[in-house]
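Q: Submitted below is the structure of interest, expressed as structure tokens.
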Amino acid sequence: MALLNSANGAKSTLVGLNDAHPLELTLRRVNLDVTAATSAHPRITVAGSNLTPSGPGVTVIPGSGSGTAPSCAFPAFPAL
């Protein structure tokens, strides 16, 4: 399980130009600590993700794939 500490008010922005020119994206095994999203005109394949966008012109396609999101850890920023 990934545990991150996103800044207050963090969100994902997934925006295509229009329905004729959508953002095309695949989210496979994506696990975010903040799942708020602004979305318009994307075509997104989702498999094992906790981010499921919604909004105007959003197309979400269930994807295939097994497993869970990899865990990540970031080293502490060095003191200056």
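Q: Going through segment 18-35 one residue at a time, which ones are closer than 26 Å to S71 by Cβ, in a strand (DSSP E or B) and not β-branched (V, I, T)?
A: Matches in segment 18-35: L25, L27, R28.
Q: I need the full set of residues from segment 13-35 which are loosely packed, with under 12 Cβ neighbours inside 10 Å and in contact with a His (Cβ under 8 Å, 6 or more places away or on another chain), in order please.
A: If the condition is that a residue be loosely packed, with under 12 Cβ neighbours inside 10 Å and in contact with a His (Cβ under 8 Å, 6 or more places away or on another chain), then L17, N18, H21 are the ones that fit.
Q: Something else: Please state which one of T52, T38, T45 is out of contact with any Pro (no Cβ under 7 Å at 6 or more places or on another chain), open to solvent by 50 Å² or more (accessible area, probe 1.4 Å) and either at pLDDT 90 or above or not in a loop (DSSP other than H, G, I, E, B) (or both).
A: That would be T38, the only listed residue that is out of contact with any Pro (no Cβ under 7 Å at 6 or more places or on another chain), open to solvent by 50 Å² or more (accessible area, probe 1.4 Å) and either at pLDDT 90 or above or not in a loop (DSSP other than H, G, I, E, B) (or both).
Q: Output the residues belonging to segment 27-50 that are hydroxyl-bearing (S, T, Y), under 17 Å from I61 (Cβ atoms) and under 9 Å from the mean Cα position of the chain (by Cα).
A: Within segment 27-50, the first condition is being hydroxyl-bearing (S, T, Y), and the residues that meet it are 35, 38-39, 45, 49.
From what's left, under 17 Å from I61 (Cβ atoms): 39, 45, 49.
The answer is S49, and nothing else.
Q: Applying the selection to segment 8-17, what residues are within 14 Å of G57 (Cβ to Cβ) and part of a strand (DSSP E or B)? Don't jump to the end; show me each part of the working.
A: So the first thing to find is which residues in segment 8-17 are within 14 Å of G57 (Cβ to Cβ), and the list is 14-17.
Of everything in segment 8-17, those that are within 14 Å of G57 (Cβ to Cβ) and part of a strand (DSSP E or B) turn out to be L14, V15.
The values are calculated or read from the model by the stated rules, or taken from the named source; none is laboratory data. Quick caveat, the model's predicted, so the values are computed rather than measured. So basically every Cβ, Gly included, is an ideal-geometry build from the backbone, and we count neighbours across all protein chains shown. Accessible surface is based on the protein model in full, side chains and every heavy atom, while ligands, DNA and RNA are left aside. Shrake-Rupley method; radii C 1.70, N 1.55, O 1.52, S 1.80 Å.
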